[in-house]
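Take a look at the structure below.
Nothing in this text is a laboratory measurement; each read-out follows from the coordinates by a stated rule. Keep in mind the model is a prediction, meaning the values are calculated, not measured. A quick note on method: Cβ atoms are made from the backbone with ideal geometry, for glycine too, and the neighbour counts reach across all protein chains shown.
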Amino acid sequence: MQRALNSQVKKTNRQHNLSRLQTLVARHETVLQTGASVTTGFADIDAYLTAHAGGGLPCGGLHEVAAETSADMAVALGFAHRLAARFLHHAAEDDVLLYGQTHAACRDGGQPYGPALAAHGLSPQKLVYLDGVSLADLLWAGEQALSCTSVACSLLTSSDSAPDFTHSRRLSLAARTAERPLLLALGNTGASAATTRWRIAALPHNGWQVRLEKLRLTHDTPPPTGGWAVYPHRTDVRVEKHDTHIMPLMRRAV
Amino acid sequence: MSAPLPPKPQEPLLTGRRIIALWFPHWAAETSRADYDVTQPFALIDMHKNAQRLVALNDVAGQAGLYPAMTLPDARALLPDMQTAMADPQDAAARLQKCAYWLQRYTPWIGEDTPLETADGLTDYGLLLDISGCAHLFGGERALLEDMAARLATYRDGRSITLRAAIAGSIGAAWGLARFAPSDLTIVPEGQDAEAVLPLPPAALRLSAPHIDLCQRLGLDTIAQLARFPRADLTRRFGPIPVLRLEQALGQAGESLNPYLPPPQFQAHKNLPQGITQIEALATLIGGLCAALAEQLQEAGQGAQRIDLTLTRSDNAVMALSLPLAHPSADAAHMLRLFEERLTRLSGGLDAGFGVEQLRLVAARTAPIIAPQENIGLSGRLRKAAPMAALGGLYDRLVSRLGANVVVRPVPHASYIPERAVRFASVLEAQQSDDDVASIIDPATRPLFMLCAPEPIEVIAEIPEGAPYRFRWRRVLYEVTAAYGPERIAPEWWRGLTGESLSHHNRRTRDYYRVEDMQGHRFWLYRDGLYDRETDKPRWFMHGVFP
């Protein structure tokens, strides 16, 4: 009798401990969103983020933007630039964007082109560019930028090697503590402690296929597996206006 | 002396140096602070050998028969109403140094004279200037010397300064000629130092008083007579120094100039009793120096824009680190962090050898700091550092680790040639004001990413002057589904006219197309050269990618 009672107590204790641990793990896994956040400017994505992530992308966090294939690196960077522009608009007027590239990213994807930045909502005057560094230096620079109050956002690009989980965890914690965003645009992805991870592919007719692969803000509804098809330049009035006066010389159906 | 044998003729060292020796015979008197009538005799007096003696005279007093080292009563007997003042040798030396800095308008390399042991403690005031490669800037050596003499004549307002000068190929020759040549301004043509020096008296060899005495007793009146003796005999009789001086004057032995350098205004240094090799210990010492320097800077309200660290090893090797700063800073912790960053990244580590014995930290360039006013009443938000200061700190850290040519910002440039429309400038350079050069290009028609150099691609086009149909870039075949263009960009013809050579990619007209492939990747490519007008086989290049 006594033994049965003891085992009953033990069982209850174990269940209690288990549920306590589960809550603890859940709390650690989920990044509680307290600080400011920004929207992406795409209605579908924003609707999902509003419903499940408390209003948008948190400013204090590490966000990864990955390319579907190596050829999609340019579109992935385009999306990352768009997020960076949103973060920059949210920040103070004099704040800058730190944009760093590894040697490989520089060689494969080219350098950011000043005259085109305006079409993506960025001002060339606000750009500080690291022209080809090693991955370790790139991540170091990102950490330094997080500790600087006048850097609105850092965007780090590596087309070949990716940071490992330790790097990712360290940067993620630093970004959350500093309440400033850090964007990583990657050709390859590994284990990561990022708050969000996006995967981007090109779509015909100026479109992007945007998938939200990971969201450490919620546990209930996973993001749609197919992602969203967005057409950034069609929503952008300035680009529409410019595009109209250039006549397409040739447009073939394939 | 033994039988005079002609010495083995030695070839003069052809160094190509040109040295000016300046001699101010009446420097102390002429530049004295005492207020006197320049047309009347004047002398500076000092106590020497238990008597008041004249140590410096002006020209008028010299002509009246006075001479240095004369006692004051003797001088008074000759000229009862002579004006006098107490001598101040330190002040005169300081004025000479000031004059040396002023002479840096002619050459940066100005040295002090060899200190000379003269009888009766009189001081000789002269300067040495290395003008190798400088004379042509002033229209030749003669013009330079005359310009210098004219300016020195009015250097101290109201009083002219007596000057004798000589230009020669060696310090020794110039020194002797300035003092003993017949004319006030002497220029010796290159390679003829020996001929010019030989007729001068032995005193022109910078000899000490006992040696000059000895020459007189031996009946040697000119350097030529002295130079005829074998050097070994001379060494036995005079010792090594006069022989060295002789060879230096004849241009057969080298000699270096000890330049005056303006002392830095802000500096901190530490001499160690024993060399240290550990980087950690060095970092601690550098931290101390940074704190001392920062304190000096803060007191003066200045911030350092460039800091130079010099480490002297026990084997006298000197290591120098120079640190540029984005914004003037007087923050010791910031400086130390930058140095630590730099020290840990020195290629192969810091080679401390047998130990570093001296550390010197100098603020080489400074600018005033305007202390930012703190905002009052920001209770809710964290108080933010002044944006420029915060960014400056970040730039410094990035530059000191990654290099100034890596941390850059785009600067627009007014050009239609795409790769010329922007250049990267270091963040340490002052940001240029935003003019409207960027607005000449429509940003939407330009790719967000531009390849570092246009890459050749293989293109199949429907017609030679038409848009591409399919192309191969980096060994991948792309099928074009849509093309916009062409946007025709002509080369900048005016560059060819002004003598600038056109770069390889800037000789022909380019037709740019924006194309999209089947998967939706977008590219910016161009045909180099107009078909049939500029070339028969136009080549294609990939220049950028659109997101």
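Are there GluC sites (Glu not before Pro) in the stretch A:62-98 that DSSP marks as loop and that have at most 11 other Cβ atoms within 10 Å, and which are they?
Filter output for the stretch A:62-98: A:GLU93.
Placing +1 on the Cβ of each Lys and Arg and -1 on the Cβ of each Asp and Glu in the protein assembly as shown, which of A:ALA43, B:LEU72, B:CYS215 has its Cα farthest towards the positive end of the resulting dipole?
Working it through, the farthest residue towards the positive pole turns out to be A:ALA43.
Rank by packing, highest mean first: peptides A:130-141, B:213-224, with packing defined as the count of other Cβ atoms within 10 Å averaged across residues.
A:130-141, B:213-224
Compactness ratio of the stretch A:181-231: Cα Rg over 2.2 N^0.38 Å, N = residue count?
1.24
Per-residue mean of other chain beta-carbon atoms within 10 angstrom of the beta-carbon, peptide A:72-79?
The shielding value for this peptide is 5.
Putting +1 on Lys and Arg Cβ atoms and -1 on Asp and Glu Cβ atoms, find which of B:GLY16, B:HIS269, B:GLY353 reaches farthest to the positive end of the dipole of the protein assembly as shown.
The residue sitting farthest along the positive end of the dipole is B:GLY353.
Ranking B:ILE457, B:ILE20 by Cβ neighbours within 10 Å, fewest first, what do you get?
Sorted ascending by nearby Cβ count, the order is B:ILE457, B:ILE20.
Could you work out how far helix B:240-249 tilts from the main Cα principal axis of chain B, as a 0 to 90 degree angle to the nearest 10?
Computed tilt is about 60 degrees.
Given Cα positions, please report Rg to Rh for the stretch B:37-87, the hydrodynamic radius being the Kirkwood one.
With Rh from the inverse mean 1/r over Cα pairs, Rg/Rh is 0.92.
Please average, across the residues of B:396-409, the number of beta carbons from any other chain that are within 10 Å of each residue's own beta carbon, and give a whole number.
Per residue, the average neighbour count from other chains is 5.
About its Cα centre, what dipole magnitude does the protein assembly as shown give when the only charges are +1 on Lys and Arg Cβ and -1 on Asp and Glu Cβ, stated in debye to the nearest 20?
With only Lys, Arg, Asp and Glu charged at Cβ, the dipole is about 2960 debye.
Starting at the first residue of the stretch B:219-227, write each ³J(HN,Hα) from the Karplus equation 6.51 cos²θ - 1.76 cosθ + 1.60 with θ = phi - 60°, in whole Hz, x for Gly and Pro.
Couplings: x, 8, 9, 10, 5, 4, 5, 5, 6 Hz.
Counting other beta carbons within 10 Å of each residue's own, what order do B:HIS136, B:HIS334 fall into, fewest first?
B:HIS136, B:HIS334
Tell me the angle of helix A:165-178 to the major Cα principal axis of chain A, expressed in degrees between 0 and 90 and rounded to the nearest ten.
80
Using every pair of alpha-carbon atoms in the protein assembly as shown, split the distances into 20 Å bins beginning at 0 and state the percent of pairs per bin, rounded to integers.
12, 29, 26, 19, 11, 2, 0
From the phi of every residue in the stretch A:116-124, what ³J(HN,Hα) in whole Hz does the Karplus formula 6.51 cos²θ - 1.76 cosθ + 1.60 yield, where θ is phi - 60° and glycine or proline is x?
Per-residue couplings from phi come out as 8, 4, 4, 5, 10, x, 10, 9, x Hz.
Which order results if A:TYR99, A:TYR113, B:TYR416 are arranged by neighbouring Cβ count within 10 Å, fewest first?
B:TYR416, A:TYR113, A:TYR99
If you restrict to DSSP beta bridges whose two residues both lie in the protein assembly as shown, what percentage is antiparallel, to the nearest 5?
Taking every DSSP beta bridge with both residues in the protein assembly as shown, the antiparallel ones total about 75 percent.
Treating cross-link reach as a plain straight distance, find the aspartates and glutamates whose alpha-carbon is under 14 Å from the alpha-carbon of B:LYS98, omitting any fewer than eight places away in the same chain.
Cα-Cα hits under 14 Å: B:GLU112.
Could you name the aspartates and glutamates whose alpha carbon sits less than 18 Å from that of A:LYS214, not counting residues in the same chain fewer than 8 places away?
Of all the aspartates and glutamates, those that pass the test against A:LYS214 - Cα under 18 Å, at least 8 places apart if same chain - are A:GLU29, A:ASP44, A:ASP46, A:GLU64, A:GLU68, A:ASP164.
Sequence gap at least 6, Cα distance under 8 Å: using those rules, report the relative contact order of the stretch B:267-368 to the nearest whole percent.
Across the stretch B:267-368, relative contact order equals 46 percent.
Helix A:2-29 sits at what angle to the longest principal axis of chain A, using alpha carbons and giving 0 to 90 degrees rounded to 10?
That helix lies at roughly 10 degrees to the long axis.
Using only atoms on other chains, find how many Cβ atoms lie within 10 Å of each Cβ of peptide B:517-524 and report the average.
Across B:517-524, the average partner-chain Cβ count within 10 Å equals 6.
Looking only at the stretch B:445-546, where both bridge partners belong to it, what percent of the DSSP beta bridges are antiparallel (to the nearest 5)?
Approximately 95 percent, going by the DSSP bridge assignments.
Largest first and in whole Å, what are the equivalent-ellipsoid semi-axes of chain B based on the Cα gyration tensor, each being the root of 5 times an eigenvalue?
So the equivalent ellipsoid measures 67, 33, 25 Å along its semi-axes.
Give the residue from B:PRO202, B:ALA332, B:VAL406 lying farthest towards the positive end of the charge dipole for chain B; charges sit on Cβ (+1 for Lys and Arg, -1 for Asp and Glu) and the dipole is referred to the Cα centre.
Positive-most Cα among the choices belongs to B:VAL406.
Charges at C-beta only: +1 for Lys and Arg, -1 for Asp and Glu. How large is the resulting dipole of chain B about its Cα centre, in Debye rounded to 20?
With Lys and Arg at +1 and Asp and Glu at -1, about 1060 debye.
Taking a cut-off of 19 Å between Cα atoms, list the aspartates and glutamates near B:LYS537, but don't count ones fewer than 8 places away on the same chain.
The qualifying aspartates and glutamates are B:GLU455, B:GLU458, B:GLU462, B:GLU465, B:ASP511, B:ASP528.
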